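The values are calculated or read from the model by the stated rules, or taken from the named source; none is laboratory data. Since the structure is predicted, the reported quantities are computational estimates derived from the model, not experimental observations. Here the Cβ positions follow ideal geometry from the backbone for every residue, glycine too, while neighbour counts run over all protein chains shown.
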Amino acid sequence: MVKKYRVVHYINQFYGGYGGEDTAGMAMLVKEKPVGPGLELEKMFDGKAEIVATIICGDNKIAENLETMVPKVVETVKKYNPDLFIGGPGFNAGRYGMACGATTAAVAETLKIPAVTALFAENPGTDIYKDSCYILETENNARNMKEVLKRLVTFSLRLVSGEPIGDGKKEGYHGSGPAVEIDYSVPAPKRALKMLLAKYYNKPFRTEVVMPNHEKIPTPVLDKPLSEAKIALVTDGGLVPKGNPDNMVVTNSTCFKSYSIKGKDRLKPEDYEVRHQGYNNAYVLEDPNRLVPVDAMRVLVKEGFIGSLFDSYFTTAGVMTGMDKCKSFGEGIAKILKGNGIDAVILTST
Amino acid sequence: MGKRLQIDYIDVKKVQFGSKSGLAGGVLTVNRDELYNLINNDLFAWLNIELVCPGESCRMLSVHDIMQPRCKKEHPEESYPGIWGKLAPAGEGETIALRGVVVSDIYYAKCNIKYYLDVGGPCAKYSNFSRHYHIVIDAAPAEGVSDLSYARALKYASLTANVYLAKLGIDLKPDETEVFELGPVGPGKDGKPLPKVAYFVTHMASHDTWNILYYGQSALNFLPIIVQPTEVLDGAFLWRYWECNYYLQNELYIKELMKRHGKDLEFVGVVFANNVMKIQGKDTMGMIASTLCRDTLKADCVVVNKSGMGHCQLDSALAFNWMEKMGMTCVMNQSAVSNDRPGDMLVISDPKIDAVINSGRNYTLHHPKVKRLIGEKAGVPSLAGIDPWGPFDHTTNYAYQGIWSQLGDCYVTTDSNIPRKEEV
């Protein structure tokens, strides 16, 4: 008889049949059988796998206590000695998505077994966990539950069989997936030549760096004529006032700052310096307007081509700064801009 | 037949200052005054020669270059030809290398990338350079000296010290000898020709103090070029920016490819290209390099590597795509592009780049207070606002020297043949 893969499935109180918002504080419990979407999952596995346990937990209970609850889930999963863990799918449900992402990532990282969930791109759980585990792409609602379950089943079976998984764009998962285990005790050239020869002879190989499937950011459309628009200048080229008053670092940025340009027709070279280690900044030091074009913008305001220029510019050094940090800077800057009624931004990069 | 280069390694187990320079029984003695007089330069405001011992509670700041002392055995005056020594073809004959000691330059001119390194304490194990004794050239520019003149003077002083030390080993019996030579190659075990593998690297020569010297000639704006692999190992090609030339002297991809030549592959040659800033230039560099690999070197496969930072990742990706499009199988080496926390720096997201080695990753290290600082006034930009004596926490990428090299070294394996000294 062919061995059936053992699966542990995580779902919330709603899919567990315990009610909706009123029971979101429900404590974790385990049923040693498929429950809710698990019934369909097991059917689709078609005898290749069985759900040996379903972990059910209230959305509030877990989302408000990730630090204590996620290890409990992992502990429970471990008890059943499974071959595979499936979370959700959580679609666009925020707290459920966090729970699916957190548990799937924790199981993948600590138990080192195949684990997968499925979420919508804008689910907060997607962004946080997409580089720690496989999160298949879904739409923003559960309408296509059946199709998502089918994809989870197909993907899971490939995972447990050890088949190489391609990048997120090709395979339909967010981000770059779980961290690739790299054996640094073997020198890089030996690993590289092994990979090269496998590729040359059409044998299976596994890249150590999965190309990330970045989320698509839709381009916003200006909702008024440019001549009425209030515009702000943002740069990742590290321009700061002389003396670097906020101790901005030149790499691995820790913050963004804004500095006033009120009443300035142009930026004078003697008033500025560059805190950025990634480019030859001689041209910017010679004329800071090349990076933060205050001079040209003032002319455009005068000509009536644009409405107005915001009184401060925003700056950070975009060199060797992690994606998550850059994203938080971007969100922080966007929040301030929104609060000040800014319509459009010129972002200069180096 | 290619050139034959023999490197004779002499293990140095202890370094000390003394009244007479010499090397015997693994103990290197350096007459500090003699060396000072030999390498001092009017362009320096001051010069200190320091000795840093492995395991010592010492943090070295603004370490701009680290090199292994080496010289040509028969003609030491031809070491680092064109750059320091008399012009002669490098990468052939015999070269003496002292193993376990390095010459390290502290850099005072403006440079946005300055590395630091703990030679003792809990962070030492994250650097291959904490295994070595360091003869430190700590010299600041005199007033009015341009950054370029200072950079030249410092490199010359450092190479003078380098050859001075290496010459002490000329008459000694080597502890190990390596021979690099590309001989004729027969078919593989299956009777078919071995795959012909070229090695392609994007380096970076963008302005006078971020430059490369090839036999002393500035490589600013250079176009893709074929170089001899043993020339690279033998000091004909040196970086003059913030990467340590130790990693070129011991270029691990070249060494591995030469070792594998005739076994499971045929190593057909090395192509270098320059990192340029504009996209059309990048794409063109990649295409020319690809043409050299396929049509001049007749390569079936290419190992794509780079020095430089994010820009060069993009250059590598463009070249990789050209090479694959032109029918060659490629693998790419990148450092610090994993998705391990606290986060590496992958700037490309092209699914066609399907075979990548990540040769080192980022860590957050806790640096304790140390008893000794080298280069305190040299200023490490990434440590702005931090007391360099410690304690402080910092991420290692492009900050901590010796955790990985751009070319594929990793602290776990590089120099693991040099035993670590216990804390002294």
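Of everything in the stretch B:237-258 that is more than 23 Å from B:Val302 (Cα to Cα) and either touching a Lys or Arg at 6+ places or on another chain (Cβ under 7 Å) or in a loop (DSSP other than H, G, I, E, B) (or both), the residue that is nearest to the other protein chains (Cβ to nearest Cβ) is B:Trp242.
Among the residues of the stretch B:380-401, are any within 11 Å of chain A (Cβ to nearest Cβ) and in a strand (DSSP E or B)? Before the answer, list the steps.
We begin by selecting, within the stretch B:380-401, every residue within 11 Å of chain A (Cβ to nearest Cβ); these are B:380-386, B:394-399.
After this cut, where a residue has to be in a strand (DSSP E or B) as well, the list is B:394-395.
The answer is yes; a qualifying residue exists.
The set of residues in the stretch B:325-340 being in contact with a helix residue (DSSP H, G or I) (Cβ under 9 Å, 6 or more places away or on another chain) and either closer than 19 Å to A:Gly175 by Cα or outside any loop (DSSP other than H, G, I, E, B) (or both) consists of B:Lys325, B:Thr329, B:Cys330, B:Val331, B:Met332, B:Asn333, B:Gln334, B:Val337. Screening the stretch A:310-325 for residues that are within 11 Å of chain B (Cβ to nearest Cβ), crowded, with 16+ Cβ neighbours inside 10 Å and not aliphatic (A, V, I, L, M) and picking the one that is nearest to A:Arg298 (Cα to Cα) gives A:Gly318. Summed over the stretch A:240-257, the residues that are more than 14 Å from every other protein chain (Cβ to nearest Cβ) and either more than 28 Å from the chain's Cα centre (by Cα) or exposed (fewer than 15 other Cβ atoms within 10 Å of the Cβ) (or both) give a count of 2. Residues in the stretch B:230-262 that are over 14 Å from the mean Cα position of the chain (by Cα) and either touching a residue at least 24 places away in the same chain (Cβ under 8 Å) or buried (at least 18 other Cβ atoms within 10 Å of the Cβ) (or both): B:Thr230, B:Glu256, B:Leu257, B:Met258, B:Arg260, B:His261, B:Gly262. Could you please let me know if A:Glu208 is of a type in the set (Asp, Glu) and loosely packed, with under 15 Cβ neighbours inside 10 Å? No, not satisfied. The condition (being in contact with a Gly (Cβ under 7 Å, 6 or more places away or on another chain) and either of a type outside the set (Val, Ile, Thr) or surrounded by fewer than 18 Cβ atoms within 10 Å (Cβ to Cβ) (or both)) is satisfied by just one residue among A:Asn65, A:Asn123: A:Asn123. The requirement of being surrounded by fewer than 21 Cβ atoms within 10 Å (Cβ to Cβ) and within 14 Å of chain A (Cβ to nearest Cβ) is fulfilled somewhere in the stretch B:402-413, by at least one residue.
Taking the stretch B:300-330 as the range and being within 11 Å of chain A (Cβ to nearest Cβ), in contact with a Cys (Cβ under 8 Å, 6 or more places away or on another chain) and hydrophobic (A, V, I, L, M, F, W, C) as the test, the residues that pass are B:Cys301, B:Val302, B:Val303, B:Val304, B:Met328, B:Cys330. In the stretch B:96-183, counting only strands (runs of 3 or more DSSP E) that sit wholly within it, the ones holding 1 or more residues that are closer than 18 Å to B:Leu38 by Cβ and at pLDDT 95 or above span B:101-106, B:133-141. Do we find that A:Lys199 is modelled with pLDDT of 95 or more and over 25 Å from the mean Cα position of the chain (by Cα) in this structure? It is true that A:Lys199 is modelled with pLDDT of 95 or more and over 25 Å from the mean Cα position of the chain (by Cα).
So, in the stretch B:379-401, exactly how many residues are on the phi > 0 side of the Ramachandran plot and either crowded, with 21+ Cβ neighbours inside 10 Å or out of contact with any strand residue (DSSP E or B) (no Cβ under 8 Å at 6 or more places or on another chain) (or both)? Before the answer, list the steps.
Just the residues of the stretch B:379-401 that are on the phi > 0 side of the Ramachandran plot, to begin with: B:379, B:385, B:390, B:398.
From what is left, the residues that are either crowded, with 21+ Cβ neighbours inside 10 Å or out of contact with any strand residue (DSSP E or B) (no Cβ under 8 Å at 6 or more places or on another chain) (or both) are B:385, B:398.
The qualifying residues number 2.
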